[in-house]
1. State all residues of the stretch 101-114 that are among the β-branched types (Val, Ile, Thr) and part of a helix (DSSP H, G or I); if no residue qualifies, say none.
2. If residue 189 meets every condition in (1) aromatic (Phe, Trp, Tyr); (2) over 14 Å from the mean Cα position of the chain (by Cα); (3) at pLDDT 90 or above apart from one, which number is that one?
3. Could you list, in sequence order, the residues of the stretch 58-95 that are open to solvent by 30 Å² or more (accessible area, probe 1.4 Å), within 26 Å of residue 24 (Cα to Cα) and in a loop (DSSP other than H, G, I, E, B)?
4. Would you confirm, using the coordinates I've provided, whether residue 53 is among the hydroxyl-bearing types (Ser, Thr, Tyr), part of a helix (DSSP H, G or I), surrounded by 21 or more Cβ atoms within 10 Å (Cβ to Cβ) and within 14 Å of the chain's Cα centre (by Cα)?
5. If you go through the stretch 1-21 one residue at a time, how many are in a helix (DSSP H, G or I), open to solvent by 30 Å² or more (accessible area, probe 1.4 Å) and not polar (S, T, N, Q)?
6. Looking at the structure I just gave you, is residue 170 farther than 19 Å from residue 72 by Cα, open to solvent by 50 Å² or more (accessible area, probe 1.4 Å), modelled with pLDDT under 90 and in a helix (DSSP H, G or I)?
7. Answer with yes or no whether residue 109 is farther than 13 Å from residue 227 by Cα, open to solvent by 50 Å² or more (accessible area, probe 1.4 Å) and of a type in the set (S, T, N, Q).
8. Hey, does the stretch 154-162 have a residue that's in a loop (DSSP other than H, G, I, E, B) and either touching a residue at least 12 places away in the same chain (Cβ under 8 Å) or among the hydrophobic types (A, V, I, L, M, F, W, C) (or both)?
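The values are calculated or read from the model by the stated rules, or taken from the named source; none is laboratory data. This is a predicted model, so every value here is computed, not measured. Cβ placement follows ideal geometry from the backbone for every residue including glycine, while neighbour counts extend to all protein chains displayed. Accessible surface is based on the protein model in full, side chains and every heavy atom, while ligands, DNA and RNA are left aside. Shrake-Rupley method; radii C 1.70, N 1.55, O 1.52, S 1.80 Å.
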Amino acid sequence: MKAIFKRELKSYFTSMLGYIFLTMFLILTGVLFYLNNIYFGVASVKNFFSLLTTWVIFILPLLTMRLFAEDRKLKTDQLLLTAPVSVRSIVMGKFFAAFSVFMSGMIITLIYIVIISFFATVNWAETISCYIGFILLCSVILAIGSFMSSLTESQIVAAIATYAVLILTVFIGNIASAASGVIQSALLWISPTERFLDFAMGILDPSALVYYLSLTALFLFLTVIVTERRRFC
């Protein structure tokens, strides 16, 4: 897995995709931080992360659309699949490479917290909760994108399919707000974006933690199954 991880991580920055993602991510977070915190003089990052969860779904697929699709298109996937490494290691290596690029951007955003600390008191419980929830949410998005990339050899198709699933989750949350009773509870339970609301309130809900980790594991498992089938094709 280590060799796959290094190969994929290096490819992000030799193809400029890593730089493009980080530039877009930092522009997005910078604009949201200015509008929500600097302009209005607000110390809380709750609204910042709540808005970020909506917009980040449009740039995260950039990291996953090429993970498996590019290898299939270039016919280099068979070299990986016949190498003395398990399919699980291949999938996990690629996923953690994408996750590492994303985390590079997240680490840079800590500068925003430092800026807030100079002018106001940071609510550490809320801030830490928001970071944990947002990272877990994005791990789900990356896992979904990895799965979609494993289904096709077209990076564009992989990106569009990922967008479709992510936009559907947003619609589920909107539908839930208009529903009531059991239907509303069920829709809120299955919507990854709605699950983030507890974290935004500074609540580390164990069920939400398990939900995000389970959903990430599920899509990575499905990616392993799809990739494993290609080994015998």
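1. 101, 107, 108, 111, 113, 114
2. Going through (1) aromatic (Phe, Trp, Tyr); (2) over 14 Å from the mean Cα position of the chain (by Cα); (3) at pLDDT 90 or above one by one, residue 189 breaks only (3).
3. Hit for the stretch 58-95 is 65, nothing else.
4. When the stated conditions are applied, residue 53 passes them.
5. Quick first cut of the stretch 1-21, residues in a helix (DSSP H, G or I) only: 2-14, 17-21.
Cutting the leftovers down to open to solvent by 30 Å² or more (accessible area, probe 1.4 Å) gives us 2-3, 5-7, 9-10, 13-14, 19-20.
Now narrow it down to the ones that are not polar (S, T, N, Q): 2-3, 5-7, 9-10, 13, 19-20.
Qualifying residue count for the region: 10.
6. no
7. Spelling it out, it is not the case that residue 109 is farther than 13 Å from residue 227 by Cα, open to solvent by 50 Å² or more (accessible area, probe 1.4 Å) and of a type in the set (S, T, N, Q).
8. Yes, because at least one residue in the stretch 154-162 is in a loop (DSSP other than H, G, I, E, B) and either touching a residue at least 12 places away in the same chain (Cβ under 8 Å) or among the hydrophobic types (A, V, I, L, M, F, W, C) (or both).
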